[in-house]
Amino acid sequence: AGFVPAAAARRFLAAQLEERTISELRLSGAQLAADLSLSDEEIGAYYTANSARFQRPARVQAQYVVFDREAVEKQVAVSDEQVRAFYEGNPDRFGVAEEREARHILLPLAADAGQAEVDRVMAEANALVAQLRADPSSFAAVARAKSQDSGTAARGGDLGFFGRGMLTGAFEDAAFSQQKDAIGEPVRSDFGVHIIQVTAIKPASKQEFSAVKDEIAGELRTQAAGRLFAEQAEQFANMVYEQADSLEPVARELGLELRSTDWIARADGRVGEYSNERLLNALFSDDAIKSARNTEAVEVASNVLVSARVKAFEPAVQLPLDEVRAQIVAELRREAGAARASEQGSAMLAALTKGEAVAARFGEQRKLLRSAPGLPAAAMQAVFSASAATLPAYVGLSVGQGDYLIYRIDAVERPQIADDDARLKGVSEQYGQLLAERDFAAFIADLRQRYEVEVKLAPVQAQQ
């Protein structure tokens with residue numbers, strides 16, 4: 001990050017927290033031009049001088065067809081036999097496997113333990129099995145006292161419910177072969193010797209066919225439609241190209257609807273619901289207009305192809321004056337209103353700056369914070385860049401729609417910032433980052449001016 005002096009950070013934070021109390025005076029260009037009288041000569045002169053603005057662009061009426069997944073899915077049928085076969089062939093998907101709840105006692109025994117150690121641990125395990133079979137209700141207490149499984153000993157060896165594939169093989173095989181509540185024979189695994197008691201069994205279950213029939217049918221239909229779409233998309237593209245003098249053959253062959261548009265222009269035009277530059281360019285090409293050929297199949301959205309052909313064409317024409325008279329009058333009034341507002345506003349601003357009274361009323365006072373814009377950017381810039389050496393201060397500017405705004409600045413509040421204000425650190429970091437980015441950009445720009453640099457992408461891409 002760049003170096004930021006403490007004084008600079010303080011000034012930056014103070015500027016962001018500065019608050020100005022303002023009121024607004026708006027001169028409406030529309031109101032000032034409401035009584036403007038325009039002659040036929042003025043309107044005609046504007047029409048002639050701006051004739052290019054009053055042209056209707058070339059336009060077409062088109063016929064088109066849409067080929068999409070929806071069109072394909074209408075052709076796909078799935079039989080009850082196919083649905084039943086899928087259900088029977090995917091038992092794991094529609095069933096819940098058996099689960100068992102168990103607890104165990106673990107006696108540690110290394111995988112490479114000698115026979116003497118194995119005999120000792122197994123003897124201890126067999127003794128515990130005999131003890132527990134005599135009093136199965138003591139299993140939890142014995143597990144807390146004897147088990148070396150730190151994760152389960154404190155809760156009496158409880159493992160909770162588990163299914164196949166969740167635990168080590170030898171342990172799992174034993175647990176799923178035992179009867180509920182029985183104390184099984186000792187089982188050796190990579191972790192040691194286990195004594196297992198199955199405490200509950202959730203038998204395997206399966207969803208009823210009737211409950212999943214519609215889901216399966218929908219999935220099979222989607223899969224079939226995907227395969228068919230890929231096949232027919234190529235057929236669609238070939239047919240609109242090979243039989244380019246009509247869209248009826250492809251519509252008939254693939255069961256598509258022939259649709260028509262109203263008049264559309266190339267700029268901002270839409271073929272049905274699709275606004276696609278490539279399709280519009282094809283539709284306004286010489287091939288489509290002069291040769292009356294179908295456009296190519298254009299992908300206008302994911303899995304949506306459209307081909308169109310021109311039914312009628314009108315070249316660009318100059319609109320008659322009577323048709324655009326209202327538009328011209330509105331534009332002339334807007335220009336005149338903006339000029340009057342700027343002229344009167346500038347005169348008022350000059351008078352107010354001299355301390356003279358003006359025949360206009362400002363709106364209610366409001367407070368503005370530099371860091372929380374409450375006005376358009378240009379107005380915020382004007383208000384906070386205005387000198388506040390003498391109050392009230394005034395600033396004016398022209399804005400959109402031909403209005404002129406004058407802001408009266410009645411008060412300026414600048415915060416007192418303590419040396420230990422936590423916000424100073426954040427401002428310093430942000431300001432420093434901005435300076436660093438600026439300096440780095442300048443450094444790179446200077447290097448590019450000094451040295452000729454050629455970037456060779458091939459070696460880089462070869463490493464990827």
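The table for this structure:
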item	result
Considering residues of segment 271-290 that are among the charged types (D, E, K, R) and assigned to a loop (DSSP other than H, G, I, E, B) only, the residue nearest to E234 (Cα to Cα)	E273
Residue within segment 126-134 that is open to solvent by less than 80 Å² (accessible area, probe 1.4 Å) and without any contact (Cβ under 8 Å) to a residue 24 or more places away in the chain present	yes
Filtered residues of segment 184-211 (kept if touching a residue at least 40 places away in the same chain (Cβ under 8 Å) and part of a helix (DSSP H, G or I))	F209
From E335, E314, residue being in contact with a Lys or Arg (Cβ under 7 Å, 6 or more places away or on another chain), in contact (Cβ under 8 Å) with a residue 24 or more places away in the chain and either within 30 Å of A71 (Cβ to Cβ) or not aromatic (F, W, Y) (or both)	E314
Pair list, Cβ under 7 Å, 6 or more apart: segment 29-53 residue over 17 Å from A339 (Cβ atoms) and outside any loop (DSSP other than H, G, I, E, B), other residue among the charged types (D, E, K, R) and open to solvent by less than 80 Å² (accessible area, probe 1.4 Å)	I43/R325
Tally, over segment 185-220, of residues that are open to solvent by 50 Å² or more (accessible area, probe 1.4 Å), at pLDDT 90 or above and of a type in the set (A, V, I, L, M)	1
Counted residues, segment 51-77 - those being farther than 30 Å from Q327 by Cα, of a type in the set (A, V, I, L, M, F, W, C) and surrounded by 13 or more Cβ atoms within 10 Å (Cβ to Cβ)	6
Number of positions in segment 98-108 that are under 21 Å from E124 (Cα atoms) and either exposed (fewer than 15 other Cβ atoms within 10 Å of the Cβ) or at pLDDT below 95 (or both)	1
Counted residues, segment 109-125 - those being surrounded by 19 or more Cβ atoms within 10 Å (Cβ to Cβ) and small (G, A, S)	1
Residue under evaluation D80, criteria (1) of a type in the set (D, E, K, R); (2) modelled with pLDDT under 95; (3) surrounded by 12 or more Cβ atoms within 10 Å (Cβ to Cβ), criterion not met	(3)
Within segment 91-160, helices (runs of 4 or more DSSP H) holding 1 or more residues that are out of contact with any Lys or Arg (no Cβ under 6 Å at 6 or more places or on another chain) and within 30 Å of D214 (Cβ to Cβ)	91-94
Number of positions in segment 278-301 that are more than 29 Å from the chain's Cα centre (by Cα) and of a type in the set (A, V, I, L, M)	5
Any chance L159 is out of contact with any Asp or Glu (no Cβ under 6 Å at 6 or more places or on another chain), free of Cβ contacts under 8 Å to residues at least 40 places away in the same chain and aliphatic (A, V, I, L, M)	no
Residue in segment 342-363 that is in contact with a Ser or Thr (Cβ under 6 Å, 6 or more places away or on another chain) and farther than 17 Å from A30 by Cβ present	yes
Selection status of E273, modelled with pLDDT of 95 or more, of a type outside the set (A, V, I, L, M) and either open to solvent by 40 Å² or more (accessible area, probe 1.4 Å) or in contact with a helix residue (DSSP H, G or I) (Cβ under 9 Å, 6 or more places away or on another chain) (or both)	no
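To keep it simple, each residue is scored yes or no on (1) on the phi > 0 side of the Ramachandran plot; (2) out of contact with any helix residue (DSSP H, G or I) (no Cβ under 7 Å at 6 or more places or on another chain); (3) open to solvent by 40 Å² or more (accessible area, probe 1.4 Å); (4) in a helix (DSSP H, G or I).
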{"position": "D268", "(1), (2), (3), (4)": "yes, yes, yes, no"}
{"position": "A292", "(1), (2), (3), (4)": "yes, yes, yes, no"}
{"position": "V306", "(1), (2), (3), (4)": "no, no, no, no"}
{"position": "V324", "(1), (2), (3), (4)": "no, no, no, yes"}
{"position": "R333", "(1), (2), (3), (4)": "no, yes, yes, yes"}
{"position": "A339", "(1), (2), (3), (4)": "no, yes, yes, yes"}
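The values are calculated or read from the model by the stated rules, or taken from the named source; none is laboratory data. Everything numeric in this text was worked out from a predicted model, so none of it was measured. Reconstructed Cβ throughout: ideal geometry from the backbone, glycine too, with neighbour counts over all protein chains shown. The accessibility values were calculated without ligands, DNA or RNA, using every heavy atom of the protein model including side chains. Shrake-Rupley method; radii C 1.70, N 1.55, O 1.52, S 1.80 Å.
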